[in-house]
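Enquirer: Below you will find the structure I want to go over with you.
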Amino acid sequence: MSKISKADDDLQRMLSEKRIKGDEDRRVGSEVFDKITLETLYKLAKQGYLQILNGAISTGKEANVFKGIDDHGTFVAVKIYRVTTSDFKKMQDYIQGDPRFNVRTNNKRQVINTWVNKEYRNLKRAREFGVKVPRPIIAKNNVLIMEFIGDEDGNPAPLMKNAEVSNPKLLLDNIIKYLKLLYKDAKLVHGDLSGFNILIKDDEPVIIDISQGVVVDHPLAEELLNRDIGNLSKDFRKLGIVISEDEIKSKIMDL
Ligand SMILES: Nc1ncnc2c1ncn2[C@@H]1O[C@H](COP(=O)(O)OP(=O)(O)OP(=O)(O)O)[C@@H](O)[C@H]1O
Ligand SMILES: [Mg+2]
């Protein structure tokens, strides 16, 4: 808790008060924490999902990920989508065509909330079929709380693209095993798979960032699967493993 930034500090203070003040709530510290985001975080705090929010793990294109601590003292990962910078057109294209979501709206918040819910549902479904992903805990508005992947001291696990991989062949086999479970059993395509969205914990892959994942009969599914496979083939070439896209595909689809 030593490195709490200004924005986190403000939020931390407000979370500990567990209430909202009238005019303090418009923008606190950074663009992440607009009024509705703050209200959402307070609600989650009141319900015990979040006691402390500290240390930004990542500031991405569309979302910021923070490390939090819940009421039991357990680390959690808190992914907060920024309503201002999200790519709604893409989100709408992915949401439409997914029979799980019957949302036809141009309301940005509604699109983001659906997107976050989609990430929650995809994580849950992947996990149910044995794919190693963070356990989703709760999705509320633009906030997703999930299992923190890291060590006991709260250091997040490294991305595959930065990790030291001791046995790339075994790692690839494990990733392919998960992609097969994802495709054949969970009937999902990740859609943004690469060394940026795989964490390495105890030498094992943990697949993250599955909000754009689509069901296998979605119109975009095949294109996305091919792209995921292409990325995987490229990333492993850098690790000294040469495997063609066709070979990966036939393993995933069990041909
Ligand atoms: N459950 C988690 N446990 C630990 N670290 C996590 C977890 N989820 C995400 N992270 C960290 O936060 C980073 C960003 O998360 P993620 O990939 O889900 O979002 P993103 O790539 O920023 O999304 P976008 O690019 O759409 O904004 C990851 O690269 C990883 O370092
Ligand atoms: Mg990512």
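Enquirer: Select, from Val214, Val206, the only residue that is β-branched (Val, Ile, Thr), closer than 20 Å to Ser166 by Cβ and open to solvent by less than 60 Å² (accessible area, probe 1.4 Å).
Expert: Val206
Enquirer: Yes or no: Leu193 open to solvent by less than 10 Å² (accessible area, probe 1.4 Å), closer than 24 Å to Lys124 by Cβ, assigned to a loop (DSSP other than H, G, I, E, B) and free of Cβ contacts under 8 Å to residues at least 60 places away in the same chain?
Expert: Numbers: open to solvent by less than 10 Å² (accessible area, probe 1.4 Å): yes; closer than 24 Å to Lys124 by Cβ: yes; assigned to a loop (DSSP other than H, G, I, E, B): yes; free of Cβ contacts under 8 Å to residues at least 60 places away in the same chain: yes.
Judged against the criteria, Leu193 is a match.
Enquirer: When Ile175 is evaluated against the numbered criteria (1) more than 23 Å from Gly60 (Cβ to Cβ); (2) modelled with pLDDT of 95 or more; (3) out of contact with any Phe, Trp or Tyr (no Cβ under 8 Å at 6 or more places or on another chain), which criterion, by number, is the only one it fails?
Expert: (1) is the only condition that Ile175 fails.
Enquirer: What are the residue pairs meeting all of these: first residue in segment 167-190, first residue over 19 Å from Ile210 (Cα atoms), second residue surrounded by 21 or more Cβ atoms within 10 Å (Cβ to Cβ) and of a type in the set (Phe, Trp, Tyr), Cβ atoms under 8 Å, and 6 or more apart or on different chains?
Expert: Pro168/Phe236
Enquirer: Another question about this same structure. For the condition near ligand 1 (Cβ under 10 Å from one of its atoms), outside any loop (DSSP other than H, G, I, E, B) and in contact with a helix residue (DSSP H, G or I) (Cβ under 8 Å, 6 or more places away or on another chain), what is the one hit in Leu144, Leu123?
Expert: Numbers: Leu123 fails: in contact with a helix residue (DSSP H, G or I) (Cβ under 8 Å, 6 or more places away or on another chain).
Of the residues listed, the single one that is near ligand 1 (Cβ under 10 Å from one of its atoms), outside any loop (DSSP other than H, G, I, E, B) and in contact with a helix residue (DSSP H, G or I) (Cβ under 8 Å, 6 or more places away or on another chain) is Leu144.
Enquirer: Identify all residues within segment 94-112 that are open to solvent by less than 40 Å² (accessible area, probe 1.4 Å), closer than 15 Å to Val215 by Cβ and either out of contact with any helix residue (DSSP H, G or I) (no Cβ under 6 Å at 6 or more places or on another chain) or outside any loop (DSSP other than H, G, I, E, B) (or both); write none if there are none.
Expert: Tyr94, Ile95, Asp98
Enquirer: Going through segment 130-141 one residue at a time, which ones are away from ligand 2 (no atom under 16 Å from the Cβ) and assigned to a strand (DSSP E or B)?
Expert: Ile137, Ile138, Ala139, Lys140 - these are the residues of segment 130-141 that are away from ligand 2 (no atom under 16 Å from the Cβ) and assigned to a strand (DSSP E or B).
Enquirer: Looking at Ala126, Ala163 in this structure, which one is within 16 Å of ligand 2 (Cβ to nearest atom), over 16 Å from Val65 (Cβ atoms) and free of Cβ contacts under 8 Å to residues at least 60 places away in the same chain?
Expert: Selected residue: Ala163, the only one of Ala126, Ala163 that is within 16 Å of ligand 2 (Cβ to nearest atom), over 16 Å from Val65 (Cβ atoms) and free of Cβ contacts under 8 Å to residues at least 60 places away in the same chain.
Enquirer: Give just the number: which of (1) away from ligand 2 (no atom under 16 Å from the Cβ); (2) among the hydrophobic types (A, V, I, L, M, F, W, C); (3) open to solvent by 20 Å² or more (accessible area, probe 1.4 Å) does Val76 not satisfy?
Expert: In the conditions (1) away from ligand 2 (no atom under 16 Å from the Cβ); (2) among the hydrophobic types (A, V, I, L, M, F, W, C); (3) open to solvent by 20 Å² or more (accessible area, probe 1.4 Å), Val76 misses (3) alone.
Enquirer: Next up: Among the residues of segment 43-62 satisfying the criterion of being in a loop (DSSP other than H, G, I, E, B) and within 16 Å of ligand 2 (Cβ to nearest atom), which is nearest to Gly154 (Cα to Cα)?
Expert: Gly60
Enquirer: Could you tell me whether Val206 is at pLDDT 95 or above and touching a Gly at 6+ places or on another chain (Cβ under 7 Å)?
Expert: Against the criterion (at pLDDT 95 or above and touching a Gly at 6+ places or on another chain (Cβ under 7 Å)), Val206 does not qualify.
Enquirer: Can you find a residue in segment 228-250 that is open to solvent by 40 Å² or more (accessible area, probe 1.4 Å) and closer than 21 Å to Lys79 by Cα?
Expert: Looking through segment 228-250, none of the residues is open to solvent by 40 Å² or more (accessible area, probe 1.4 Å) and closer than 21 Å to Lys79 by Cα.
Enquirer: Moving on to the next point. Please enumerate the residues belonging to segment 204-255 that are within 16 Å of ligand 1 (Cβ to nearest atom) and of a type in the set (Lys, Arg).
Expert: Arg227
The values are calculated or read from the model by the stated rules, or taken from the named source; none is laboratory data. Small disclaimer: the values here were computed from a predicted structure and weren't measured. Cβ sites come from the backbone with ideal geometry, for glycine too, and all protein chains shown count toward neighbours. Accessible surface is based on the protein model in full, side chains and every heavy atom, while ligands, DNA and RNA are left aside. Shrake-Rupley method; radii C 1.70, N 1.55, O 1.52, S 1.80 Å.
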